[in-house]
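The values are calculated or read from the model by the stated rules, or taken from the named source; none is laboratory data. Given the structure is predicted, the values throughout are model-derived calculations rather than measurements. We place every Cβ from the backbone using ideal geometry, glycine too, and count neighbours over all the protein chains shown.
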Amino acid sequence: MESHRDVLITEVALRDGSHAIRHQFTVDQVVAVAKGLDEANVPYIEVSHGDGLGGSSLQYGLSLTNEMELIEAAASVVKNAKIAVLLLPGIGTMPELKEAASLGAKMARIATHVTEADVSPQHISLAKELGLETVGFLMMSHMAPTAKLVEQAKLMESYGADTVYVVDSAGALLPYQVKERIRGLKDALTINVGFHAHNNLSLAMANTLAAIEEGSTRIDGSIRCLGAGAGNTQTEVLVSVLDKLGIQTGIDIYKMMDIAENIVAPILEKPQEITKDSLVLGYAGVYSSFLLHAQRASERFGIDSRDILIELGKRNVVGGQEDMILDVAAELANAK
Amino acid sequence: MNKVKVAVLGSGNIGTDLMLKLRRSEILELTTVIGIDPNSDGLKMAREFGFETIDTGIKGFLEKPELADIVFDATSAKAHIRHAKLLRDAGKKVLDLTPAAVGPFVVPSVNISEHLDADNINLITCGGQATIPIVHAINRVQQVEYAEIVATISSKSAGPGTRANIDEFTQTTARGIEKIGRAKKGKAIIILNPAEPPIIMRDTIHVLLEDQVVDEERIITSVNEMAVQVQSYVPGYRLRQRPFFDGNRVTVFIEVEGAGDYLPKYSGNLDIMTAASVKVAEEWAKHKISKVTLI
C-alpha cells in the first residue's frame, strides 16, 4: 500500500516505551503492536532495548526478552512497515547491528550525545554498507547551542547519514528553541531533518508542530505516550492533528486509536501522565529514562526524587549515566 | 643498582606523559624518545631534558638498538602490529599502550607475576585498568557470574583514535573483564561527558555473583585492599562510596584522578594507562636485575 506522505512517522513505543515498562516487553506484546501499526500503515516501527541494541544491562535494566527475538518477531509480522533499531556507540556494537539487520531491521538510528557525533562514523558506515536507511540521532539537543548542533549534524551527514534528528531527550526544549534548531539544520544540510520529542513539559505536540513548520519531515511519536518520562508526542493524536492541518502521514487514524486503546493501554503499568518527577526531568533538563531509576533511588535513600534529578541536572549529566543516580542519591543522603 | 634503559615510542600526549613519569623512576632510565615529527611538543621537551631523540620512527631506533631494553609503544594499534615484530626480532621487551593486543593482557595489580618473562604485553584499555582490579577483588571472595563496567570520561580526554573506533574499547574491555577479572561474562559501556570544567574519570562496576552475597565485609575488605594496591602506582585512584549490596548484586563506584604530569588531572583514564605501563616495566626491570644477581 503506497500512499502519499508529507511527513514520515517513526513509532518508537517498542523502543522508547521499553523504559516505561522496565524493559519487560514480551514477544506477544511486540507482535500485537507491530502488526497493528503495520495495518494502520505506520511507515517505521522502532524495536530495541530502550537504550538501544546491547542496552540490556545492570546499568539500564535487563531485558525480559532478548531484543533480537523482539526484532525478529516484529519483522516477521509487518508487511509494509520497516523495522528500525537504535544503537548508541559506546553501548551497542557493530556485531549487534549486523545481527539486527540479518533479522530484518531496515533502518538504523545511530545516537550520540549532541556534542559527540564523531563516535558514530563506523556505525553509520556499517549501517549504509548493510543497506539500511541510516539516521543520525543527536540526543540531549537542548544542551548545545544551535551552531554546535549544526556542526555535529554536518559530521553525521559527512559519515553518510540519510537523515539527522534533533532529539529532545529530556523534553526540555521550548517551541522557539525547536524552531531555531530545525531551521539551522534545514539551512545547513541537504539530507532530511527529523525531530523526537518528550512530553515532560507538555510541549511534545507544540514542539513537533514547530519542527514540521520549519521543514522537519521525519517525526517520532509514541502511541498512548508509551515512552520514557512522560512519553513522546502521542502518535494517534499527532496523526489526527496533522490530518486537520492538511498534512498527510498516510496513517489510519481510527486504527491507531484502536491499537492505543485495546493493545497498548493494557501494556502500561499505569497511564502515562506528567507526574512531578517527569515534570522535573523537563524542567531540569535530565534524560527521560532516568525517571524510574530516580524513583527507586529515592525509596532506597529516603531522598526526594526531585532533589536527585535537580542535582543531576546541575552536574550536566548526560544520557547513559544512570549510575550517577545512585551515586548522587547516596551523596545527598550522606549530607543529610 | 644499575637502572634498566627504556625508550618511549610515540611523542604525542601519552608518550610525553610517560616521559615525565619515567624521569621519576628509580629503576628505569629513560634514554630515548622516538617520534616522527621533530617539531612535536614531545620531542622538543625530550631534547630540553637532554634525552636522545629520534625523529625517524622505529627505523631510527633500530639503527641504535643499544639505547634501550624496554620500549613503550604509545603510537597506534595499526603501527604497533608492525613495531611488535621488529622489536621482538631486535630482542626488546615491549609495553603496548595501543589497543593492538598482540601480547597478553596485563593489569599490574592482578596478573603481572604471570607475565614477567613475556616479551610483549598489552595494557587493555583505561576502563579495563580501572575496573578489572575490582572485579578480581570481588571474584577472589566469591565467584562472579557477570561483571559490567561503565566508564565515564570527559569528552576532552577522548582522542580521535578512541572516538573513531569506540567498539574497540567496549569489546577489548569486556574481554579483559573475563580473562583477567575472571567474571564468567563481561560487558563494558563507555560514556563521554562534555561538561566544563571536565569531569574526572568515573567508573561503576556492577557485578552479579553466582549466589547470594555471603559476607559483605569480606568483599569490602578485598575491594579496599585492591584499591590500596592500585593507588601505589595511580595515587588518584579512589573508591567513591561504600559498595552497594542487593541480593547477589554488588555495585562499586570509583573515580580516577590523574597525576597531572603532562595530561590534565581530569584525564585519569589516560594517566592510569601510562602509570600502569610504568609499573609493569618496573616489575620487569626488578625481575631482570634479580635474575642477573642470581647468576
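A few comments on the model shown:
- Selection count where residues are in contact (Cβ under 8 Å) with a residue 60 or more places away in the chain and under 22 Å from B:VAL6 (Cβ atoms), scope segment B:88-112: 12
- Selection within segment A:118-145: residues that are within 12 Å of another protein chain (Cβ to nearest Cβ), assigned to a helix (DSSP H, G or I) and hydrophobic (A, V, I, L, M, F, W, C). The member of this set that is farthest from A:ALA197 (Cα to Cα) is A:LEU126.
- Some residue of segment B:163-171 being assigned by TED's automatic domain parsing to the domain that holds B:THR251, at negative phi and part of a strand (DSSP E or B): no
- Candidates are the residues of segment A:102-117 that are farther than 15 Å from A:ILE91 by Cα and of a type in the set (S, T, N, Q); the one that is farthest from the other protein chains (Cβ to nearest Cβ) is A:SER102.
- Those residues of segment B:153-168 which are surrounded by 19 or more Cβ atoms within 10 Å (Cβ to Cβ) and either more than 9 Å from chain A (Cβ to nearest Cβ) or modelled with pLDDT under 85 (or both), in sequence order: B:ILE153, B:SER154, B:SER157, B:GLU168
Yes/no per residue for (1) buried (at least 18 other Cβ atoms within 10 Å of the Cβ); (2) part of a helix (DSSP H, G or I):
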{"position": "B:VAL6", "(1), (2)": "yes, no"}
{"position": "B:THR16", "(1), (2)": "yes, yes"}
{"position": "B:LEU20", "(1), (2)": "no, yes"}
{"position": "B:LYS44", "(1), (2)": "no, yes"}
{"position": "B:GLU48", "(1), (2)": "no, yes"}
{"position": "B:VAL94", "(1), (2)": "yes, no"}
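- Here B:PRO235 does not fit the description of being within 14 Å of another protein chain (Cβ to nearest Cβ), part of a loop (DSSP other than H, G, I, E, B), modelled with pLDDT of 95 or more and closer than 28 Å to A:ARG315 by Cα.
- Note on segment B:200-223: residues that are within 20 Å of the chain's Cα centre (by Cα) and either more than 11 Å from chain A (Cβ to nearest Cβ) or surrounded by fewer than 22 Cβ atoms within 10 Å (Cβ to Cβ) (or both) amount to 3.
- Here the condition is being modelled with pLDDT of 95 or more, buried (at least 20 other Cβ atoms within 10 Å of the Cβ) and more than 22 Å from B:MET273 (Cβ to Cβ); of B:ILE54, B:ILE34, it holds for B:ILE54 alone.
- Figure legend. Inter-residue proximity from segment A:313-326: first residues closer than 10 Å to B:ALA195 by Cβ, second residues crowded, with 21+ Cβ neighbours inside 10 Å and polar (S, T, N, Q), beta-carbon distance below 6 Å, spacing 6+ or different chains. Indicated pairs: A:VAL318/B:ASN193.
- Criterion: within 11 Å of chain B (Cβ to nearest Cβ) and acidic (Asp, Glu) - qualifying residue of A:GLU331, A:GLU311, A:GLU299: A:GLU331
- Residues located in segment B:58-84, provided they are surrounded by fewer than 18 Cβ atoms within 10 Å (Cβ to Cβ), more than 21 Å from B:LYS21 (Cα to Cα) and of a type outside the set (A, V, I, L, M): B:LYS59, B:GLY60, B:GLU63, B:LYS64, B:PRO65, B:GLU66, B:LYS78, B:ARG82
- Hey, A:GLY136 at pLDDT 95 or above, surrounded by fewer than 23 Cβ atoms within 10 Å (Cβ to Cβ) and of a type outside the set (A, V, I, L, M, F, W, C) or not: no
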